[in-house]
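The values are calculated or read from the model by the stated rules, or taken from the named source; none is laboratory data. Please read these numbers as outputs of a predicted model, since none were measured by experiment. Positions of Cβ are generated from backbone atoms using ideal geometry, with glycine treated the same way; all protein chains shown enter the neighbour counts.
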Amino acid sequence: MNSSYFREVTNRKRSGFSGLMILMVGVTILIGLFIWINMVSSPFACFQGTAKDRYSDPNAYPWEEGHLFIRGALDGYDMGGRRPPFRSQPQFTNLLNYSAVVYAGEDKYGRIEMEVCDDGDVRASWSGEFQIMGKRYQAIKPKSPGRREMNMFFGNYAPLKVYEDENGKDRSKLYVITQGIFELKDLSGEGGIKNVAFITCWIDKDLRAEGRLSIPSFAEQGMLIFNWGPVGPVEE
């Protein structure tokens with residue numbers, strides 16, 4: 001009887017030991033799988049390849065790209081402009097100044113002015129008189145470009161966003177994104193419109209810029225997207 005009891009206790013120990021081994025093997029596999037997934041999706045992976053693609057949706061609207069601003073983050077990784085452009089992208093050590101008409105088709109909607117610093121900071125403004133949806137508006141040019149006034153936009157360039165069109169990807173272009181509050185005065189005296197907007201562009205290897213003025217919602221009529229450029233930098 002003692003022998004039978006001894007065998008039963010031994011079998012229980014072996015069974016408990018086997019269960020512990022299976023659990024340890026399972027945990028080891030899960031840890032290894034987690035490390036592998038983290039390495040594949042890490043933003044510190046090689047820039048070339050598909051690991052970066054999910055960080056750079058070329059079809060995203062600017063209001064969906066908060067992670068591209070300085071101190072913005074995606075998966076805990078700063079996607080903003082506090083980094084030099086990649087070697088394939090435009091290289092510059094001075095301030096780039098742009099001035100361009102805003103347009104949609106044959107219609108014009110004021111003017112964009114933009115300054116791009118080599119440290120990643122960008123500021124832009126929107127001003128002019130124009131007609132939208134049958135009404136005449138005026139966007140007053142900011143008096144102090146360094147302050148957060150109406151119609152001033154602040155942001156940065158974002159080297160990690162990749163340009164893409166029907167011809168495929170072009171990693172040589174540098175993306176710029178800014179955000180601000182615009183205010184349009186209704187020249188008929190009926191008030192005005194104030195809301196958030198984004199000024200964005202791509203800068204190519206020749207330092208020419210082409211971009212958009214994007215308004216998520218205009219007078220509850222839906223979004224408006226205007227174009228500007230391509231233009232080269234203004235020589236001071």
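Do you know which residues across segment 184-233 are closer than 18 Å to residue 103 by Cβ and aliphatic (A, V, I, L, M)?
Correct list: 184, 197, 199, 209, 213, 215, 223, 224, 225, 231.
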Filtering segment 138-179 down to residues that are surrounded by 21 or more Cβ atoms within 10 Å (Cβ to Cβ) and assigned to a strand (DSSP E or B) yields 139, 152, 153, 155, 156, 157, 158, 174, 175, 176, 177, 178
Of the conditions (1) touching a strand residue (DSSP E or B) at 6+ places or on another chain (Cβ under 8 Å); (2) surrounded by fewer than 16 Cβ atoms within 10 Å (Cβ to Cβ), residue 227 clears all except one; give me its number. (2)
Selection from segment 171-212 of residues that are among the aliphatic types (A, V, I, L, M) and within 16 Å of residue 115 (Cα to Cα): 174, 176, 177, 199, 203, 207, 209
Regarding residue 225, is this residue under 20 Å from residue 105 (Cα atoms) and modelled with pLDDT of 95 or more? no
When both residues are 6+ apart or on different chains and their Cβ atoms are under 6 Å apart, which pairs have a first residue that lies in segment 180-194 and is surrounded by 14 or more Cβ atoms within 10 Å (Cβ to Cβ), and a second that is not hydrophobic (A, V, I, L, M, F, W, C) and not in a strand (DSSP E or B)? 182/151
Could you check segment 112-133 and list, in sequence order, the residues that are part of a strand (DSSP E or B) and without any contact (Cβ under 8 Å) to a residue 60 or more places away in the chain? 113, 115, 121, 122, 123, 125, 127, 128, 129, 130, 131
For residues in segment 91-111 being of a type in the set (Val, Ile, Thr) and in a strand (DSSP E or B), which is surrounded by the most Cβ atoms within 10 Å (Cβ to Cβ)? 102
